[in-house]
Amino acid sequence: MAKVVTGVRRCGKSFLLFNLFREHLKQSGVDDPHIIAIALDSKENEKYHDVDRLHERILSLIKDDSMHYVLLDEIQLAVGFEAMINSLLRKENLDIYVTGSNSKFLSSDIITEFRDRGDEVKVRPLSFSEFISAYDGDKYDALAEYMDYGGLPELTRLKTDEQKASYLTAIMGTTYLKDVIERNNVELPYLLENLVNVLSSTACSLVNPTKIKDTLISSGYKSADEDTIVKYIGFLTESFLFEKAERYDIKGRKYIGALEKYYPVDHGITNARLNFRQTTDRPHIMENIIYNELRSRGYEVDIGVVKFRKMIDDKMTQLTTEVDFIAKKGSKTTYIQSAYRIDDPKKKEQELRSLLKINNSFKKVMIIGDSMRPNMDDNGVLFIGLMQFLTDSNSLEY
């Protein structure tokens, strides 16, 4: 199969392929002439955006009948690459690895084009356990820094807060937004940028395109309409900047079509986008970190909706409460609530209510901001501290 490495720009795909994997090949006895590496996002390789020239170049570098390893970075820049990859896959002495920063090239059409000969490898920004392995200092200081600046790998090489903030601010404008605008021929770039601001400031909240439209129009963007907003949100998710989590009715066992949440793939990027004005909003940052941690561990993640009936003023009323995450992996399902603080008994009761209203036997977990070893209460709810959850990959297995 062609190994397709996907993820947001600057998350480490190229380093994984061109440094770590290339070194692995060499240590395994593969010599340089049998490693064909082409970075399509470099200036000197722009000519290979012409897929025919790229194809010819790869064929010209095949030396003999021994196995050759083809490493192609940012393959989506070569328009029509799908047919070329299929052609190369027919050669028994080629093992092909490509990276891409756009989910469009993994659409159903392309999977069909690959004829089930493509295998996706998803790369995300550093999880906290990966980040802390490169951090020189106390783990709680590391968590505080991680909550501010996120997990893009380059940050581990920068020393000062000013350098980190400047890097994140620059990369959003010069790399991410520029890439989305150019790739999709965005006609209203200022609208797209303001939409990024809205999604960044409302991360972990339900997104309503109608309300976003009204907000943008009140801010002077008269050309904003729901179709354009939905389309531009699609561009941002296709570039892996945000991920959509859908709402699922737990008792009704069905998805609820209206409203979704959009989580930044890295909260440091959106913190920088907002000039770090919301770094004190630890509850939402914590929720975003938990979401991305679950995704990095291979879970599919939805937002849970629990409907129940309660007597209010002598009248039976249907109410709705929300479970932050339904984490699914294979046949396993775990319900997770994120609560930065539960010191107040009323706050604890409020956070627990949604979990306790679920009438099934799947595991229920409360992750809190304070440090706490795993501890199960009388209702069967597992309590665990954020630090313990993030640093123990088996933390949901207790």
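If you average the sequence gap of Cα pairs under 8 Å that are 6 or more apart and divide by the length of region 206-289, what percent do you get for the contact order?
Numbers: 72 pairs, mean separation 19.8, N = 84.
Normalised by residue count, the contact order of region 206-289 is 24 percent.
Magnitude of the Cβ-charge dipole of the chain, K/R +1 and D/E -1, about the Cα centre, nearest 20 debye? Please report the intermediate quantities before stating the final value.
Working: 55 positive and 62 negative charges, 238 e Å.
Magnitude of the dipole: close to 1140 debye.
Which residue, chosen from Tyr97, Leu356, Phe235, occupies the Cα position most advanced towards the positive end of the dipole of the chain, where the dipole is computed from +1 (Lys, Arg) and -1 (Asp, Glu) charges on Cβ about the Cα centre?
Farthest towards the positive pole: Leu356.
Taking only DSSP H segments of four or more residues, each worth -39500 (n - 2.57), what value at 222 nm results for the chain once the sum is divided by all its residues, to the nearest 500 deg cm²/dmol?
Numbers: 15 runs with 143 residues, N = 398.
My calculation for the chain gives -10500 deg cm²/dmol from helical runs alone.
Can you give the accessible area of Ser331 in Å² (nearest 10), computed on protein heavy atoms with a 1.4 Å probe?
Surface accessible to solvent at Ser331 totals approximately 110 Å².
Along the charge dipole of the chain, pointing to its positive end and built from +1/-1 on Cβ of Lys, Arg, Asp and Glu, which listed residue (Tyr135, Ile303, Ser218) has its Cα farthest out?
The residue sitting most towards the positive pole is Ile303.
What does the highest-first list of 193-202, 145-154 look like by mean Cβ count within 10 Å? Numbers along the way, then the final one.
On the way: 193-202: 19.0, 145-154: 20.8.
Answer by packing, highest mean first, reads 145-154, 193-202.
Please calculate how many Å² of accessible area the chain carries per residue, with a 1.4 Å probe and no DNA, RNA or ligand atoms counted.
Values: 19790 Å² over 398 residues.
The answer is 50 Å² per residue.
So how do 35-41, 301-307, 158-164, 210-216 stack up, highest first, on mean other-Cβ count within 10 Å? List each step's numbers first, then the result.
Numbers: 35-41: 18.3, 301-307: 19.9, 158-164: 12.4, 210-216: 15.7.
The peptides rank, most packed first, as 301-307, 35-41, 210-216, 158-164.
Quick check: at a probe of 1.4 Å, how many percent of the accessible area of region 197-349 sits on carbon and sulfur atoms? Before the final figure, lay out the partial values.
Working: 3480 of 7430 Å².
The computed percentage sits at 47.
What FRET efficiency, computed as 1/(1 + (r/R0)^6) with R0 = 56 Å and r the Cβ-Cβ distance, is obtained for Lys159 and Thr317, rounded to the nearest 0.05?
Working: r = 56 Å, r/R0 = 1.01.
Calculated value: 0.50.
Rounded, prolate or oblate, given the Cα gyration tensor of the chain, with a/c below 1.5 counting as rounded?
On the way: a/c = 1.81, a/b = 1.60, b/c = 1.13.
It comes out prolate by the Cα gyration axes.
Using per-residue counts of other Cβ atoms within 10 Å, averaged over each peptide, order 170-177, 228-235 from highest down. Please list the in-between numbers first.
Numbers: 170-177: 15.6, 228-235: 18.1.
Highest mean packing first, the order is 228-235, 170-177.
Would you rank Asp227, Asp52, Asp179, Asp138 by solvent-accessible area, highest first, keeping every protein chain in place and using a 1.4 Å probe? Walk me through the numbers on the way to the answer.
Values: Asp227 125, Asp52 100, Asp179 30, Asp138 75 Å².
Ranking Asp227, Asp52, Asp179, Asp138 by accessible area, largest first, yields Asp227, Asp52, Asp138, Asp179.
Across all directions of projection, what mean area in square nanometres is found for the Cα convex hull of region 1-111?
6.7
The values are calculated or read from the model by the stated rules, or taken from the named source; none is laboratory data. Quantities reported herein were computed from a predicted structural model and do not represent experimental measurements. We place every Cβ from the backbone using ideal geometry, glycine too, and count neighbours over all the protein chains shown. Areas reflect the complete protein model, heavy atoms only, side chains present, ligands, DNA and RNA absent. Shrake-Rupley method; radii C 1.70, N 1.55, O 1.52, S 1.80 Å.
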